[in-house]
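A.B. asks: Just passing along the structure, written as structure tokens.
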Amino acid sequence: MITDILSSKEYSPYYQGYIEKATDQDILKGLGQNLKGVMNFYRSIPRHKQQYTYAKDKWTVKDILLHVIDTERIFAYRALRIGRNDMTEMAGFDQDDYVLSANALSRTMESLVLEYKAVRQSTISLYENFSSEDLTRIGQASGSSISVRAIGYILAGHENHHIQIIKERYL
């Protein structure tokens, strides 16, 4: 299990559920496997379900995908800074404010999928060039400690988490 690899000092307990949803112990392999699977999954969602919400004030499928993209950008930036030994504490972000401002419903699913692909490929490129030392480096974000490798597992698990929710509540 991935949580057996990571020290409890490498991530906040808040991220435990995401890390447990990462499917591969090799960060690069997991991120790469998710790339194709996530793209195929979102492309398979019928058009009439892309703007569906299962309850009042819940996100649409398009909102969820753009949230995954935004989160990956922010976390990859955190990984870059920590990996480069920048120990400046990084602030958190309010995901709900991001979704409200993102205007995902004005976009096509294909444009969102292509943006996801570009962001994920960038994240993979970043992780391909981290050394073993870089991966275990720990910094501060959102008021708690986090390592570069924990961020990689969180990213993979985060999108798996949202796909599970879409399958259970949207489709």
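FYI, it's all coordinate maths here, none of it is from the lab. Nothing here was measured: the structure is a model prediction, and the numbers come from that model. No Cβ is skipped: glycine too gets one built from the backbone with ideal geometry, and neighbour counts run over all protein chains shown.
A.B. asks: Which of (i) 14.7, 45; (ii) 15.8, 47; (iii) 22.9, 85 is the computed Rg and Dmax of the Cα atoms in Å for the structure on display?
C.D. replies: (ii)
A.B. asks: What are the trypsin sites (Lys or Arg not before Pro) within the range 47-138 that DSSP puts in a loop, where the Cβ has at most 13 other Cβ atoms within 10 Å?
C.D. replies: Numbers: sites: ARG47, LYS49, LYS56, LYS58, LYS62, ARG73, ARG78, ARG81, ARG84, ARG107, LYS117, ARG120, ARG137; in loops: LYS56, LYS58, ARG84, ARG107, ARG137.
Sparse-neighbourhood loop trypsin sites (Lys or Arg not before Pro): LYS56, LYS58, ARG84.
A.B. asks: To the nearest 500 deg cm²/dmol, what mean residue ellipticity at 222 nm is calculated for the chain from DSSP H runs of n ≥ 4 alone, each contributing -39,500 (n - 2.57), summed and divided by the residues?
C.D. replies: On the way: 8 runs with 106 residues, N = 171.
That calculation yields -19500 deg cm²/dmol at 222 nm.
A.B. asks: Highest GNM mean-square fluctuation, the chain, Cα pairs closer than 10 Å: which of GLU72, GLU110, GLU159?
C.D. replies: So, out of GLU72, GLU110, GLU159, the one fluctuating most is GLU110.
A.B. asks: Please give the length that would be gained between ASP24 and TYR52 if that part of the chain were fully extended, namely 0.36 nm times their separation in residues minus their C-alpha to C-alpha distance (nm, one decimal).
C.D. replies: Details: separation 28, 0.36 × 28 = 10.08 nm, distance 3.10 nm.
Stretched out fully, the ASP24 to TYR52 stretch lengthens by 7.0 nm.
A.B. asks: Also: So how strong a dipole does the range 2-169 carry about its Cα centre when Lys and Arg Cβ are +1 and Asp and Glu Cβ are -1, to the nearest 20 debye? Don't skip to the end; give the middle numbers.
C.D. replies: On the way: 21 positive and 21 negative charges, 122 e Å.
Roughly 580 debye, rounded to the nearest 20.
A.B. asks: Right, something else. May I ask you to derive the FRET efficiency for SER8 and THR108 from their Cβ-Cβ distance with R0 = 41 Å, giving the value to the nearest 0.05? Display every interim value, and only then the final one.
C.D. replies: Values: r = 42 Å, r/R0 = 1.03.
With R0 = 41 Å, the Cβ-Cβ based efficiency is 0.45.
A.B. asks: For LYS56, give me every one of the aspartates and glutamates with a C-alpha distance below 16 angstrom, ignoring sequence neighbours fewer than eight places off in its own chain.
C.D. replies: ASP96
A.B. asks: Another question, then. Fewest first, what order do SER145, SER7, SER132 take by the number of other Cβ atoms within 10 Å?
C.D. replies: Numbers: SER145 16, SER7 12, SER132 7.
Taking fewest neighbouring Cβ atoms as first place, the list is SER132, SER7, SER145.
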